[in-house]
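Only one structure is covered here, and it is reproduced in the block below.
The values are calculated or read from the model by the stated rules, or taken from the named source; none is laboratory data. All of these numbers come straight from a predicted model, not from anything done at the bench. All Cβ positions, glycine included, derive from the backbone under ideal geometry; neighbour counts span all protein chains shown. These accessible areas exclude ligands, DNA and RNA; they are computed on the full protein's heavy atoms, side chains included. Shrake-Rupley method; radii C 1.70, N 1.55, O 1.52, S 1.80 Å.
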Amino acid sequence: MRHPLVIGNWKLNGSKKFIDTFIAGLCHNLYGIEGCKVVIAPPMVYLDQAKKAMYNSTLLLGAQNVDMHHLGAFTGEISVSMLKDIGVKYVIIGHSERRSLHLEDDQVVAKKFFALKNTDLIPVLCIGETAAEKMAGKTKTICARQIDVILQLHGANVFQNTVIAYEPIWAIGTGCAATSEQIQTIHKFIRDHIAQKDSKVADQLIIQYGGSVTKNNAAEIFSQPDIDGVLVGSSSLRLDSFIEIIKLISTRKHKI
Ligand code: PGA
């Protein structure tokens, strides 16, 4: 069964006070709400504090990045085992901001994916096209390329218990989300693409959408059959909006 999944990607935002206040508010407001997994991905430096603030709740901890190396002379980096040690469950990799601002290409992202798959941490593989690529009709080609780097090396099985987040770059932080029909088309394409190799893995794959998700469009987006959840940036920093999004999604039926 594919469970609905909402991830709050806090990016470079937050403080000690914000973390404690926000997570306490979230726990209070979500008490008794089931049917949706909720992950918070704060900046690395606050992971441990966030984990403690989540104690005794159903919230799960996410990280925004990880290094492909396991240990050694890699100044400034954080390894998979360190994240696991802190209690992280989900790890966002290949976010377009890391691809463009930190020059992480498909090969780097694939190495991070495999590093995570060697543990029980769940990769959240972000893929998506630029506005120019969309205009040129290349959305499916780009998404396929970003998946194929992993698929061709290690087969479809490696996508078991993973998440793909389709995040069109033109929709991130712009206030201009893709329409639910556009998203459904691409999510179905992603699922079919993996199903060509292994339909069971494809059926179980959680495919999230990210890019200007708000409390006003979350229900409509989630109503489509291949949209299993949302990866939320700016609306996950506003407690009332984030709670509303989670509530909207948790009342919908599980898919498959
Ligand atoms: P946004 O960010 O919701 O602010 O558009 C989404 C993301 O980058 O994951």
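Please verify whether VAL213 is touching a residue at least 40 places away in the same chain (Cβ under 8 Å), crowded, with 17+ Cβ neighbours inside 10 Å and hydrophobic (A, V, I, L, M, F, W, C), treating the condition exactly as stated. Answer is no for this residue. Scanning segment 103-147 for residues that are assigned to a loop (DSSP other than H, G, I, E, B) and either in contact with an Asp or Glu (Cβ under 8 Å, 6 or more places away or on another chain) or over 25 Å from GLY229 (Cβ atoms) (or both) returns LEU103, ASP105, GLY128, ALA136, GLY137, LYS138.
Looking at segment 67-98, which of the residues that are within 16 Å of the ligand (Cβ to nearest atom) and β-branched (Val, Ile, Thr) is farthest from GLU129 (Cα to Cα)? My answer is VAL91. Would you check if LEU116 is over 26 Å from PHE18 (Cα atoms), among the aliphatic types (A, V, I, L, M), open to solvent by 60 Å² or more (accessible area, probe 1.4 Å) and away from the ligand (no atom under 16 Å from the Cβ)? No. GLY137 falls short on exactly one of the conditions (1) open to solvent by 50 Å² or more (accessible area, probe 1.4 Å); (2) more than 19 Å from THR185 (Cβ to Cβ), and that condition is (2).
Every listed requirement among (1) within 16 Å of the ligand (Cβ to nearest atom); (2) without any contact (Cβ under 8 Å) to a residue 24 or more places away in the chain; (3) surrounded by fewer than 16 Cβ atoms within 10 Å (Cβ to Cβ) is met by GLY175 save one, (2). For VAL230, the test of being touching a Ser or Thr at 6+ places or on another chain (Cβ under 7 Å), buried (at least 24 other Cβ atoms within 10 Å of the Cβ) and under 22 Å from GLY62 (Cβ atoms) is failed.
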